[in-house]
Structures are given as C-alpha cells and as structure tokens.
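The block underneath contains the structure these notes are about, expressed in structure tokens.
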Amino acid sequence: EWKDYAIDQGRGMSAFSIFRNSSTRPAYTVFKFAPGTHRLGDYVLGSGGNLIKRGRTLAEVLSIFERKLKLVSR
C-alpha cells in the first residue's frame, strides 16, 4: 500500500513520512524526539496533522497497525 517515504530532521527531532504515492501528503509520519524534549513522549505517530499515538518506544507507537509491518523489497 505504501509506495514512497521521506526522512526529515529538525532541531531535536527526526521524522519518517510514509506516502501512498509521491504526489500526495504523507499517509503517516513517525516523529522521534530527542529524549526528554517532548512532553508527549519520545515517539509520536501522526496523520493529516492529527496525533494518533504517542509513546516511549517505536514498537508502542506502531502497535496501532493491525498487521505486522514487513519489508517487501530491497
């Protein structure tokens, strides 16, 4: 379902965005904040400007997806 991705970084955070195709907004973005710099947790999952899940670990944040995520090609 996901065709493209982008990695960005800013002051005290990194973002991994997932796209259905490269000409649209990201379907999901995972933000990683420097430890102790964000009151909502070190990881945040967002979509369309809305916060979906926050947590201290990446596994905790990605747990909202029903299926296990897997690599389909390299």
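Coordinate-derived values only; no laboratory data. Bear in mind that the values here come from a model prediction, so they are computed numbers and not experimental data. Note that each Cβ is placed from the backbone with ideal geometry, even for glycine, and that neighbours are counted across all protein chains shown.
Please sort by residue number the trypsin sites (Lys or Arg not before Pro) in the stretch 28-62 whose DSSP state is loop and whose Cβ has at most 15 other Cβ atoms within 10 Å. Here the sparse-neighbourhood loop sites are R39, R56. Pairwise Cα separations in the chain fall into 5 Å bins from 0 onward with the following percentages, short to long: 3, 16, 24, 27, 19, 9, 3, 0.
Approximating the spin labels as points 7 Å out from Cα along Cα→Cβ, the I7-to-A59 distance works out to 2.2 nm. Every helix of 4 or more DSSP H residues in the chain counts as -39500 (n - 2.57), and over all residues that averages to -1500 deg cm²/dmol at 222 nm.
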